[in-house]
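The values are calculated or read from the model by the stated rules, or taken from the named source; none is laboratory data. This structure is a prediction, so every number in the text was calculated from the model and none was measured. Counting neighbours? That spans all protein chains shown, and the Cβs are built from the backbone with ideal geometry, glycine included. Protein only, heavy atoms only, side chains kept; ligands, DNA and RNA dropped before computing areas. Shrake-Rupley method; radii C 1.70, N 1.55, O 1.52, S 1.80 Å.
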Amino acid sequence: MACDTDVVIVGAGVVGLATGLAMAKRGHETIVIEAEATIGQGISSRNSEVIHGGLYYPTGSLKARLCVTGRRLLYSFLDKHHVAHKSCGKLVVATHPDEEPHLNAILKQAQDNGVEGLQLLTGQQARQMEPELNATAAIFSPLSGLVDSHGYMGALAGEISRHGGAIAVNTPFAGATPIKGGGFAIRTGGDAATELTARYLIIAAGLGAQKAAASIETFPDSAIPKLHYGKGVYFTCTGKAPFKRLIYPMPIPGALGTHYRCDLGGQARFGPDLDYVDTLDYSVDKTRAPAFYETIRRFWSSLPDDALVPDYAGIRPKLHGPGEAQPDFRVDGAEVHTLAGLIALFGIESPGLTASLAIGEAVAKKLVSN
Ligand SMILES: Cc1cc2nc3c(=O)[nH]c(=O)nc-3n(C[C@H](O)[C@H](O)[C@H](O)COP(=O)(O)OP(=O)(O)OC[C@H]3O[C@@H](n4cnc5c(N)ncnc54)[C@H](O)[C@@H]3O)c2cc1C
């Protein structure tokens, strides 16, 4: 049976858009459907906008491989499409000799992951780069950087359209039924509710991925991982930004730790922390500030009192609860859920922005060879 289109992708965040581009570039007629009125209103607009080197993730994991490959693809895409970014570099700092074994383990992990250009620095060498920094030792990652995520998503959308694809906003995915012989009958809701058929269906719905998967007939419940909301808040810093590079403390369980960045507009920001929550509430609780002062003062002791101002929050689509091991990205095909022609992405938390182009390529390769 001929389908209305080759591919429908649910979700127009960085991952859905990058995947849309990977499919459209391969000549597949592609439609990205998005529930909101504009692209990129989900996790992709509530993050640190850091281009990660790929240091921390277990070697061979999707996070490690797609972050390193994705970073390389991302810099080249941003250069080509004149999207604002800078490879400002990052320092991961040990602020006490007790932390140095952990720092050395991160360095070894990063080298095993193929991260380029890393240097282990003494505290003195780190202070030559950043005079206000407290550090007994540090890793310098020169290829870590910052990106204008909205500029990036705009460029992805432009490229999808240049390759003949389309993005339909205000178009919530309402469910799908597998068609005998191949493809899916897809239902959309909203004001212009409709039905269309597609040969391939990709769920890139971020925090909505589990709900979207559950609305696909015969998608096994056992193949839908439990979703946990991992909230992280940010504070801005009044006054002059103290550091030129990204400054990261030692990672904490489930997150990379409250870090410093001077964003592309010159604003100093700290965050995100990690707090498991039950609702999608993006307010920033002022009472989290004392923990921020404590963490930041370990690497920047002259942070003035009253310098931190509540900023914004993001919520990670976590697949693990507090105290549980942090799992890998899930790029699930028929081998997991039995539905040929369908890929469901779950748990695309950090470094999903950095990895997005590589995730898109991985999905396209997996689907087309299905
Ligand atoms: C606090 C925080 C900090 C982070 N920092 C970084 C960082 O510095 N660097 C990095 O590399 N990564 C970072 N990440 C991770 C990164 O932001 C995400 O991995 C990435 O943005 C996920 O993109 P996405 O497209 O999967 O999800 P989203 O951007 O959420 O896109 C999913 C889209 O699907 C839509 N949708 C949902 N349900 C439906 C439906 N039924 N029908 C139609 N549309 C639907 C949503 O509206 C949304 O637009 C961070 C994440 C968080 C939370």
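What to note about this one:
- Simple Cβ-charge dipole of segment 48-122, Lys/Arg +1 and Asp/Glu -1, about Cα centre, in debye nearest 20: 380 debye
- Segment residue 276..residue 162, full-extension length gain: 37.0 nm, with 0.36 nm per residue of separation and the alpha-carbon distance subtracted.
- Ellipticity estimate at 222 nm from DSSP helix runs (n ≥ 4, -39,500 (n - 2.57)) divided over the chain, nearest 500: -8500 deg cm²/dmol
- Ranking 90, 108, 80 by solvent-accessible area of protein heavy atoms (1.4 Å probe, all protein chains present), from largest to smallest, gives 80, 108, 90.
- Rounded accessible area of residue 221 (nearest 10 Å², 1.4 Å probe): 130 Å²
- Using only alpha carbons, segment 5-98 has a radius of gyration to Kirkwood radius ratio (Rg to Rh) of 1.05.
- J(HN,Hα) series, segment 52-62, from Karplus relation 6.51 cos²θ - 1.76 cosθ + 1.60, nearest Hz, glycine and proline x: 7, x, x, 6, 8, 7, x, 4, x, 5, 4
- Total charge dipole magnitude, the chain, about the Cα centre, Cβ charges on Lys, Arg, Asp, Glu only, Debye to nearest 20: 740 debye
- Coupling constants for segment 357-365 follow from the phi torsions by the Karplus curve (6.51 cos²θ - 1.76 cosθ + 1.60, θ = phi - 60°), and in residue order they are 5, 6, 4, x, 5, 5, 5, 4, 5 Hz; glycine and proline get x.
- By the compact-protein rule of thumb, 2.2 N^0.38 Å, the alpha-carbon radius of gyration of segment 112-230 corresponds to a ratio of 1.70.
- Selected from 105, 185, 143, residue furthest toward positive end of dipole (segment 59-215; charges at beta carbon): 185
- The figure for residue 337 is an accessible area of roughly 0 square angstrom, using a 1.4 Å probe on the protein chains alone.
- Dipole magnitude of segment 1-94, debye to nearest 20 (Cβ charges: Lys/Arg +1, Asp/Glu -1, about Cα centre): 620 debye
- Lysines with Cα under 29 Å of residue 63, excluding same-chain neighbours fewer than 8 positions away: 25, 80, 86, 90, 108, 211, 226, 231, 244, 318, 365, 366
- Antiparallel bridge percentage (DSSP; both residues within the chain; nearest 5): 70 percent
- Alpha-carbon Rg with Dmax, taken over the chain, Å: 20.9, 68
- Three-way shape call for segment 294-366 based on the alpha-carbon gyration tensor, with the a/c threshold at 1.5: prolate
- nm² value of the averaged projected area, convex hull over the Cα atoms of segment 184-250: 9.5 nm²
- Probe 1.4 Å, accessible area per residue of the chain, Å²: 41 Å²
- Across the protein chains, with a 1.4 Å probe defining accessible surface, the residues 150, 228 rank 150, 228 from largest area downward.
- Portion, in percent, of the accessible area of the chain that falls on carbon or sulfur, probe 1.4 Å: 52 percent
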